Amino acid sequence: MSWRDLHCGEPRPDRLGERLTVAGWADTRRDHGGLVFVDLRDHTGKLQLVVNPERAPAAAEVAHEVRNEFVLQAEGELVARAPDAVNPNLPTGAVELQVDTLRILSRSTPLPFQLDEENVEETTRLRYRWLDLRRERMQRNLRLSHTAIAAIRRTMDELGFVDVWTPAMTRGTPEGARDFLTPVRLQPGKFFALAQSPQLFKQLCMVGGIDRYYQIATCWRDEDLRADRQFEFRQLDLELAFAEQNDVLDVMEAAVVSAFEAVDRPAPTRPFPQLTYDDAMARFGSDKPDLRFGMEIQDATEATRGSEFGVFASAPTVRYIVAPQAFSRAELARLEELAREWGAKGLAYLVRDESGEVRSPIAKFLSERELEALTPEPGATVLFGAGDEAMVARVLGLLRLHLARELDLVEPGRDVFHWIVGFPLFEQDEETGAWTFMHHPFTAPAPGEEEWDESSPVGVHGQHYDLVWNGWELGSGSIRVHDVGVQEKVFRTMGLSAEESQAKFGYLLEALAMGAPPHGGFAMGIERFVALLAGEPDIRQVVAFPKISSGSDPLTGAPTPMPPEVLAELGIAALPQE
Ligand code: ASP
């Protein structure tokens, strides 16, 4: 005997009169003076079972024992519901199973939460994730994730990409995070790092003639957990030989669009627009701007040169945004508090009421020319940032996002994908002044910019690009250095001696010196992508078994301490913890 003939969500009037066996979870049980109704549920939906004690006394006895989330098997005849009992909101709402035999396949202890309960605390949901997974939200998200990934795999296959497995246990890969380490019993005291990405292996695949590589690769990064970050995550990781920047973008766009189509969502139009890094920072104060609304940052540096207002006159950069609302004093005080938290010294403003009247503590210092340039339309507020460029960009960028949320400026259902291109190749550490890579040290300089001053590589651009969706950075990639001399120069600029470069990346330098084709690639965070596709606010909602922000897994209780003998075998000892 098979466990079931149909799924719970499948029976329709075309099967009336058939004898069917179904199996699933008891969603609810209702006793109605003799008749017992059970909604039987599986991942496809619900079917109403009716147990009539006169027709099936043994089944009725079983039915009385049934509690929520018991696993049942029922056999009987599919019948039409009485007209007044038809439920038009349920796909199976015109039929019910008149049960003859009912079996309890599995029982359930009392539940820590009911499946239809809203606002269950997330730690509780994760502690009992097997229950949470039965709920509609997680069922939908995990299946949507599957559908999107399957479409991406199909696209990669069609485009000639080869799925090559690369090691999780490796040497540190410099992606800018801490490594998770794995001790090795056979070599006590030595450690593998868990791959932060397959970066160097995929490059070696290119040197190895694979031509087009991809992988849905798990990556590990020891960073603080956030809405869009877990210790372990997956990337659509790809690399192409003999490729230019636009070739890589083209493949990524095809992958993204195929996932949209697979989940029946209107796909973004290709090609996705490109914005340079400098433009993004100047106009939106972010390298992952949310372009679903305007409120662009505008420059007032010129307009305020020689201003009577000292703060403006002496600031290297003066910029502003115009919010479409005349804020009250209290609202402005709150905004100023936020601006200070983000690093500003204050928040100058010009409010123009609906009546046209201007309120501003700084207006009296501003010249006619300044006021003319800066006074907004009635019913708006100009908020200024003045100071060094990076701080001004950051503060106005964050204010812009904050106000878009507060003032509801984002049109629901709007999707904006775009590329950020033309990043600097290096950035300078604000404290130490040392230069380091912006993306990773394998990114090639822009064509014609290969000759830089190694002690001060100001203004050198990298062939690095990011993909942004509605203000979330989905991923990054670059055209790589394939010339060993250029790669050595990048390492030197980062302050690595020849010995250090050899020690850390000797194998890459050797490979590059043995016939490396020009190549480039990309990696897109799968969970970020799927979370946005599912309309979820964080990636935990699309991960079957995620960790909470402390870095623990409430389900298994991991991580756990290890007995000293186990550690000793690995050649390590744990320091006492407070
Ligand atoms: N390895 C990079 C990352 O994980 C992506 C890439 O450059 O392909 O972010």
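The values are calculated or read from the model by the stated rules, or taken from the named source; none is laboratory data. Since the structure is predicted, the reported quantities are computational estimates derived from the model, not experimental observations. No Cβ is skipped: glycine too gets one built from the backbone with ideal geometry, and neighbour counts run over all protein chains shown. For accessibility, only protein heavy atoms count, side chains too; no ligands or nucleic acids. Shrake-Rupley method; radii C 1.70, N 1.55, O 1.52, S 1.80 Å.
Of everything in the range 166-200 that's assigned to a loop (DSSP other than H, G, I, E, B) and β-branched (V, I, T), which residue is modelled with the highest pLDDT?
So, considering only residues that are assigned to a loop (DSSP other than H, G, I, E, B) and β-branched (V, I, T), the one modelled with the highest pLDDT is T166.
Among the candidates E430, E377, E411, single out the residue that is under 23 Å from D278 (Cβ atoms), outside any helix (DSSP H, G or I) and open to solvent by 30 Å² or more (accessible area, probe 1.4 Å).
So the residue among E430, E377, E411 that is under 23 Å from D278 (Cβ atoms), outside any helix (DSSP H, G or I) and open to solvent by 30 Å² or more (accessible area, probe 1.4 Å) is E430.
Would you mention how many residues in the range 447-468 are of a type in the set (A, V, I, L, M) and away from the ligand (no atom under 16 Å from the Cβ)?
So the answer is 2.
May I ask you to list pairs of residues, at least six apart or on different chains, whose Cβ atoms are under 9 Å apart, with the first in the range 220-239 being within 11 Å of I526 (Cα to Cα) and of a type in the set (S, T, Y) and the second being at pLDDT 95 or above and near the ligand (Cβ under 10 Å from one of its atoms)?
none
What are the residues in the range 1-28 that are charged (D, E, K, R) and either over 19 Å from V66 (Cα atoms) or part of a loop (DSSP other than H, G, I, E, B) (or both), if any?
Selection gives R4, D5, E10, R12, D14, R15, E18, R19.
For the range 201-256, which positions are more than 15 Å from the chain's Cα centre (by Cα), outside any strand (DSSP E or B) and surrounded by fewer than 19 Cβ atoms within 10 Å (Cβ to Cβ)?
G208, G209, I210, D211, F242, E244, N246, D247, D250, A254
State the number of residues belonging to the range 450-501 that are farther than 27 Å from K288 by Cα, out of contact with any Pro (no Cβ under 8 Å at 6 or more places or on another chain) and not polar (S, T, N, Q).
Residues flagged as farther than 27 Å from K288 by Cα, out of contact with any Pro (no Cβ under 8 Å at 6 or more places or on another chain) and not polar (S, T, N, Q) within the range 450-501 amount to 14.
In this structure, does P88 turn out to be farther than 23 Å from M138 by Cα, free of Cβ contacts under 8 Å to residues at least 12 places away in the same chain, open to solvent by 40 Å² or more (accessible area, probe 1.4 Å) and in a loop (DSSP other than H, G, I, E, B)? Walk me through how you get there before you give the answer.
On the way: farther than 23 Å from M138 by Cα: yes; free of Cβ contacts under 8 Å to residues at least 12 places away in the same chain: yes; open to solvent by 40 Å² or more (accessible area, probe 1.4 Å): yes; in a loop (DSSP other than H, G, I, E, B): yes.
The answer is yes for P88.
State yes or no: is E536 of a type outside the set (V, I, T), within 16 Å of the ligand (Cβ to nearest atom), surrounded by fewer than 19 Cβ atoms within 10 Å (Cβ to Cβ) and not in a helix (DSSP H, G or I)?
It is false that E536 is of a type outside the set (V, I, T), within 16 Å of the ligand (Cβ to nearest atom), surrounded by fewer than 19 Cβ atoms within 10 Å (Cβ to Cβ) and not in a helix (DSSP H, G or I).
Quick one: count up the residues across the range 307-333 that are open to solvent by 30 Å² or more (accessible area, probe 1.4 Å), assigned to a helix (DSSP H, G or I) and not β-branched (V, I, T).
Counting residues in the range 307-333 that are open to solvent by 30 Å² or more (accessible area, probe 1.4 Å), assigned to a helix (DSSP H, G or I) and not β-branched (V, I, T) gives 7.
How many residues does the range 491-522 hold that are among the small types (G, A, S), out of contact with any Leu (no Cβ under 7 Å at 6 or more places or on another chain) and either within 16 Å of the ligand (Cβ to nearest atom) or outside any helix (DSSP H, G or I) (or both)?
Qualifying residue count for the region: 5.
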